[in-house]
1. Here are the criteria: (1) exposed (fewer than 12 other Cβ atoms within 10 Å of the Cβ); (2) within 36 Å of the chain's Cα centre (by Cα). Tell me which single one Val11 does not satisfy.
2. How many of the residues making up region 373-408 are of a type in the set (Val, Ile, Thr) and assigned to a loop (DSSP other than H, G, I, E, B)?
3. Here is a list of conditions, (1) surrounded by 12 or more Cβ atoms within 10 Å (Cβ to Cβ); (2) hydrophobic (A, V, I, L, M, F, W, C); (3) part of a loop (DSSP other than H, G, I, E, B); (4) over 28 Å from the mean Cα position of the chain (by Cα), and Ala16 meets all of them except one; can you say which number that is?
4. Of everything in region 19-39, what is of a type outside the set (S, T, N, Q) and either in a loop (DSSP other than H, G, I, E, B) or in contact with a Pro (Cβ under 6 Å, 6 or more places away or on another chain) (or both)? Give them in sequence order.
5. Examine region 23-36 for a residue that is closer than 21 Å to Asn86 by Cα and in contact (Cβ under 8 Å) with a residue 60 or more places away in the chain, and state whether such a residue exists.
6. Quick check on my filter: what residues within region 157-171 are open to solvent by 50 Å² or more (accessible area, probe 1.4 Å), of a type outside the set (Val, Ile, Thr) and modelled with pLDDT of 75 or more?
7. Please go through region 49-66 and give me each residue that is open to solvent by less than 40 Å² (accessible area, probe 1.4 Å) and over 14 Å from Val80 (Cα atoms), ordered by number.
8. Report, by residue number, each residue of region 348-372 that is assigned to a helix (DSSP H, G or I) and either in contact with a helix residue (DSSP H, G or I) (Cβ under 6 Å, 6 or more places away or on another chain) or farther than 30 Å from Val146 by Cβ (or both).
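The values are calculated or read from the model by the stated rules, or taken from the named source; none is laboratory data. Source: prediction; values computed, not measured. Backbone-built Cβ (ideal geometry, glycine too); neighbour counts: all protein chains shown. What goes into the accessible areas is simple: the full protein's heavy atoms, side chains included, and nothing from ligands, DNA or RNA. Shrake-Rupley method; radii C 1.70, N 1.55, O 1.52, S 1.80 Å.
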Amino acid sequence: MELYTHAPVSVQFPDAGEHEVFSFEITPVSMEEAELSDFSVETGPKSMRIPFNDTISTPVGRIVVVPTLYYDDRYLQTPVRIRKRNMDGVVTDYQEKLQVALAGKGSTIIDITLEDASIPRAEDIINTLIAVYNEDVISDKNRIAVNTSEFINERLIIIEKELGNVDTEIESFKKENLLTDISSETGMYLQATSQYNTKELELENQLSLAKFIKEYLTDPHKNSDLIPANTGISDINIESQIREYNELLPRCDKLVGNSSSKNPVVMDMNNSLVAMKQTIICAVDNLIVGLNLKRGNVRQRGQQTTRRISAVPSQQKFVLSVERQQKIKEALYLYLLNKREESALTQAITESNARIIDPASGTHSPVFPKTSMVLLAATLLGFLLPGGALWLKETVNTKVRNRKDVEDGVTIPFLGEIPLRKKGDAKEAIVREHGRDSVSEAFRILRTNMDFMRVKAKDMKVIMFTSFSPFSGKTFVSTNLAMSIAQANKKVVLIDMDIRKGTLSSNVGHNGLGVTHSADQYGLYAGEGKRYESHYVYLFQPFLR
C-alpha cells in the first residue's frame, strides 16, 4: 500500500546525495522508538533501534525519523518500507506512465492520464503539471511585458538621475546669480533702473542748483545781493540759513542807510552776514559733496541694474535651455511611469490559454492488471502452447504416417495404401473374394495397379516384402495380397525367407523357425497348402544348416 501523504513517519536524509538510491524498513515499536532493518546496502548492522526526532548514523547515512500526525497505535509492529530514488529515475518512470492524447480527432481538448499506485499522488502530479504549464504559458506571454518593465525601470532610474542633475543645475545657477524668477526680477530691474535714472536726474538737478548757489555765493560782485531762495534745494537747513541771511541783509542795509557803516551794530550785522554766508557756502559744499556721493552711488546701482538687465537674456537663455531639458525629461518620466503601470496591468490580467475542464481525479477501480486482458492472454496461451507443441511434434516427427509422406519422400510409383488393422488381424488373411470392406478393396486396388506395372514390365512375377524392423506389416500384406492375387485365378506361392523368425510359416501351423535355424534336415520343404474358399495359396519355407 502506497502511504504517500498518510505515512506515519517522515524520514529526512541530511547527507544523502541526489543520485543515491537505497531502501530500508521502519517498524514502529513504541511511541518514542522505531526499529530499522532490511537495509539495501550490505555494510553495517542488519537492524537497529533508534529514537524519534534525533539524527542517527545508519548504513545508508545519517537520517532523522519524525512521527507525523498519522502516527498511532495501529502502526506499531507494522513494517513500513522507505525507498529513496534519484530524480532522474523518478522522472523517467513517470514519463513512461504519463499519457497525453487528444480527446478526439480535430479536438482542442487534451486528456492527461497517469497510472500510479497512489491516487492522491497521481492527482497531485497532474494538477502540478497543469499549474506549471499555465505558469509557463503566462510567463511566455508576459516575457515581452516583463522585458518592457525592466527596460522602463532602468530608463526611469537614468531619467530620474538626469532630472535630479537638471534640478540641481538650475538651483546652483539661481544661487550663484541670486535669481528667483527671471521674468519678475527683470521687471524689478527695469523698474529699479527707471527709479535710479529718475533719482540720478534729481540728484543732477540738486547738484546743479547747489553749484549755482555756490557760484552765486562766491561771486564778489554779488556780495551785497540777496541769495536766491526756494530754488528747489532739498536741504532744509540751507534754505533756512538762506532765508535768515536774506532777512538780515535788508535790516543791515536799512541801518546803513539811517546811519553809517561805522556803526557798531552795522558792523556786528555785517560780521554776522559774512559768517552766515560762509556757513551757507560750507553747507552748499557739503551738499555738493553729498550729492556727488549719492549720484555716484545711484549711478553705480543703476549700472549694476543695467548689467543685470543685460545679463538677463543670457541667463534666461540658459535657464530656458535647462528648463526645456527639465520639461522633456519630466514628460518622458511621466510617460514611462504610465507605461510601467500599463505593463504591470497587462501582467496582472494575463491569463493562460488553457482551461481545466475536469480536475484530476482517480478511480478506485484498478487499471492494472486488466482482468479481461489477463483472461484473453491466458486463453490465447491455452491454445497457442498446445498448438505450438503439436506443431513442433509434427515438425520433428520423421515417421511415415500417410500417403503424402511417402510420395514426398520417394520418387518411385505409388501402388496403394492399406488401412491399419489391429495387431491380432495380421496373423490371418482377411481378404475375401466378395468382401466389401476397406481392406479387401485396398488390396484389390493394389493388385490392379500391380497388373498395370506387370503389363509394362512383362516378366514381373516375383514380389519381395522386406523392412528394417519387425511388426511393419510384411506378413499381413504378403498374405492378403497373395489371397487377392489368387482370387484373380493366379497361381501364388509364398516363400517365408525370415532369417530367425518364420511368422508367415507359423500362420499355417508350421514350426515358425527362421531359415538359419539348425535342423536335422536341409533342403526345400513345401508346407501344406491352405485353402481360402476355392483358391489355394501354397507356402514354402527353406531351411539352411
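1. Val11 satisfies all of (1) exposed (fewer than 12 other Cβ atoms within 10 Å of the Cβ); (2) within 36 Å of the chain's Cα centre (by Cα) except (1).
2. 2
3. Exception for Ala16: condition (4).
4. His19, Glu20, Val21, Glu25, Val29, Met31, Glu32, Glu33, Ala34, Asp38, Phe39
5. So far as region 23-36 goes, yes, one or more of its residues are closer than 21 Å to Asn86 by Cα and in contact (Cβ under 8 Å) with a residue 60 or more places away in the chain.
6. Within region 157-171, Glu160, Lys161, Glu162, Asn165 meet the criteria.
7. Ile50, Phe52, Ile56, Thr58, Pro59, Val60, Gly61, Ile63, Val64
8. Thr371, Ser372
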